[in-house]
Amino acid sequence: MWQKKRNEAKGKSYNYSTINKLKKEKKIDEVFLSRISSLTLEEVIAIKLESAARYVNRKLYNFPIWKSLHNVCREAVLHFALSSTRSLNDAASFLGITQSELKENIKKYEIKLDKAD
């Protein structure tokens, strides 16, 4: 009986997980997760920017990093909200926006709500 109720409470984003998605794509593993958990968010962002700069000879000129931060942060929080809530309604409530605004942002950032294993 309780399993039926639990299944009824599952919404579209119930099985969405960024970690599971990246594991499935073989981009991360448990060792990576263990190591990254000891870093601050600021350190992770700095490492990602430094890594990206390596490929362009440390010159990210004319790339609007400062102006892009707003969208980068919003997309990251949107991914977190979807992976940590049971439904789109819960995610919208968590973010303090309407469900239609949430759907607009999911479309804007091209987030796919595929079920993760």
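Just so you know, all these numbers are worked out from the coordinates, no wet-lab data involved. Model, not experiment: these values are computed from the prediction. Here the Cβ positions follow ideal geometry from the backbone for every residue, glycine too, while neighbour counts run over all protein chains shown.
Loop only by DSSP, 10 or fewer other Cβ within 10 Å of the Cβ. Give me the chymotrypsin sites (Phe, Trp or Tyr not before Pro) in segment 37-117 that pass, ordered by residue number.
Qualifying residues, ordered by number: Tyr55, Tyr61.
For q = 0.24, 0.29 Å⁻¹, what log10 I(q)/I(0) does segment 58-112 give under the Debye formula with an equal point scatterer on each alpha carbon and no solvent?
Evaluating at q = 0.24, 0.29 Å⁻¹ gives log10 I(q)/I(0) of -0.89, -1.18.
Step through the residues of segment 70-87 one at a time and calculate ³J(HN,Hα) from phi using the Karplus curve (6.51 cos²θ - 1.76 cosθ + 1.60, θ = phi - 60°), rounding each to whole Hz and writing x for Gly and Pro.
4, 5, 4, 5, 4, 5, 5, 5, 5, 4, 5, 4, 5, 7, 10, 10, 8, 8
Using only the alpha-carbon atoms, what does segment 2-108 span along each of its principal axes? Please give whole angstrom values in decreasing order.
Extents along the principal axes: 56, 33, 23 Å.
Would you order Leu69, Leu60 from fewest to most other beta-carbon atoms within 10 Å of each residue's own beta-carbon?
Leu69, Leu60
Once you have the Cα-Cα distance between Ile19 and Phe32, take 0.36 nm times their residue separation minus that, and quote the gain in nm to one decimal.
3.6 nm is the gain from fully extending Ile19 to Phe32.
Considering only lysines 8 or more places apart in sequence, or on different chains, count the pairs in segment 55-117 whose C-alpha atoms sit under 26 Å apart.
Lysine pairs meeting the criterion: 8.
Sort 30-36, 86-92, 45-51, 98-104 for me by packing, meaning the mean count of neighbouring Cβ atoms within 10 Å per residue, highest on top.
In decreasing order of mean packing, 30-36, 86-92, 45-51, 98-104 become 86-92, 98-104, 45-51, 30-36.
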